[in-house]
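Notes to accompany the following structure.
The values are calculated or read from the model by the stated rules, or taken from the named source; none is laboratory data. In this text, all values refer to a predicted model and were calculated from it rather than measured experimentally. Here the Cβ positions follow ideal geometry from the backbone for every residue, glycine too, while neighbour counts run over all protein chains shown. Accessible surface is based on the protein model in full, side chains and every heavy atom, while ligands, DNA and RNA are left aside. Shrake-Rupley method; radii C 1.70, N 1.55, O 1.52, S 1.80 Å.
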Amino acid sequence: QVQLVESGGGLVQAGGSLRLSCAASGLTFSNYVMGWFRQAPGKEREFVAAMTWSGSRSYYADSAKGRFTISRDKMMVYLQMSSLKPEDTGVYYCARGLVARSNPLEQDFGSWGQGTQVTVSS
C-alpha cells in the first residue's frame, strides 16, 4: 500500500524559504510521477510541481517557476521553495501518479499524503 507523508511546513516571512519533504513507501516499481499540489483557504487544490521518478522530466506551475524546485533522493521527494509570497500560503500535498505531462490534474494522481501547512506572512 502506497503511503506518502509530508513534513517541513511552517510559518515563514515573505521572501523566505522552506523545504517540504515527502516520505514515500509502498511503491512497487519506478514508473511513477511524483507531484506537489497545494490548496489555499477557500480555493480548489492546484498543481505546483511534478517530476518523473527518474528525474528526467519536471514540470512547474507558472506560479512556481523560478522559485520552486522539485527533487527526489531515494524514497524522499522534496519541494524547495524560495522567495515565498503570501499567496503561496496553503496546505501542500504530495501525490503519486502515472501520467507525466505539464499542468497535470488531480485525477492524474491516485495516492495522496495528508498535507502540510505552509503559511507565508507579509
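Listed residues 35, 15; which is of a type outside the set (D, E, K, R), in a loop (DSSP other than H, G, I, E, B) and modelled with pLDDT of 95 or more? Step through it out loud before you land on a result.
Numbers: 35 fails: in a loop (DSSP other than H, G, I, E, B).
Unique residue meeting the criteria: 15.
Going by the structure shown, is residue 9 open to solvent by 30 Å² or more (accessible area, probe 1.4 Å), closer than 19 Å to residue 70 by Cα and out of contact with any helix residue (DSSP H, G or I) (no Cβ under 8 Å at 6 or more places or on another chain)? Steps first, please.
Details: open to solvent by 30 Å² or more (accessible area, probe 1.4 Å): yes; closer than 19 Å to residue 70 by Cα: yes; out of contact with any helix residue (DSSP H, G or I) (no Cβ under 8 Å at 6 or more places or on another chain): yes.
When the stated conditions are applied, residue 9 passes them.
So which pairs qualify, if the first residue must be in region 80-94 and within 14 Å of residue 121 (Cβ to Cβ), the second must be open to solvent by 40 Å² or more (accessible area, probe 1.4 Å) and assigned to a strand (DSSP E or B), the Cβ gap must be under 6 Å, and the two must be at least 6 apart or on different chains?
These pairs meet every condition: 89/119; 90/39.
So which residues in region 85-122 are under 19 Å from residue 1 (Cα atoms), of a type in the set (Ser, Thr, Tyr) and surrounded by fewer than 18 Cβ atoms within 10 Å (Cβ to Cβ)?
Hit for region 85-122 is 111, nothing else.
May I ask you to say which residue of 40, 14, 64 is within 11 Å of the chain's Cα centre (by Cα) and either more than 16 Å from residue 101 (Cβ to Cβ) or open to solvent by less than 60 Å² (accessible area, probe 1.4 Å) (or both)?
On the way: 40 fails: within 11 Å of the chain's Cα centre (by Cα); 14 fails: within 11 Å of the chain's Cα centre (by Cα).
Testing whether each residue is within 11 Å of the chain's Cα centre (by Cα) and either more than 16 Å from residue 101 (Cβ to Cβ) or open to solvent by less than 60 Å² (accessible area, probe 1.4 Å) (or both) leaves just 64.
Using the structure shown, decide if residue 56 is in contact with a Phe, Trp or Tyr (Cβ under 7 Å, 6 or more places away or on another chain) and small (Gly, Ala, Ser). I'd like the intermediate steps shown before the answer.
On the way: in contact with a Phe, Trp or Tyr (Cβ under 7 Å, 6 or more places away or on another chain): no; small (Gly, Ala, Ser): yes.
The answer is no for residue 56.
I'd like the full set of residues that are part of a strand (DSSP E or B) and small (Gly, Ala, Ser), limited to region 38-87.
49, 50, 58, 71
Quickly run through region 67-84 and pick out the residues that are charged (D, E, K, R) and either surrounded by fewer than 17 Cβ atoms within 10 Å (Cβ to Cβ) or more than 14 Å from the chain's Cα centre (by Cα) (or both).
At the first step, the residues of region 67-84 found to be charged (D, E, K, R) are 67, 72-74.
Answer for region 67-84, where residues must be charged (D, E, K, R) and either surrounded by fewer than 17 Cβ atoms within 10 Å (Cβ to Cβ) or more than 14 Å from the chain's Cα centre (by Cα) (or both): 67, 73, 74.
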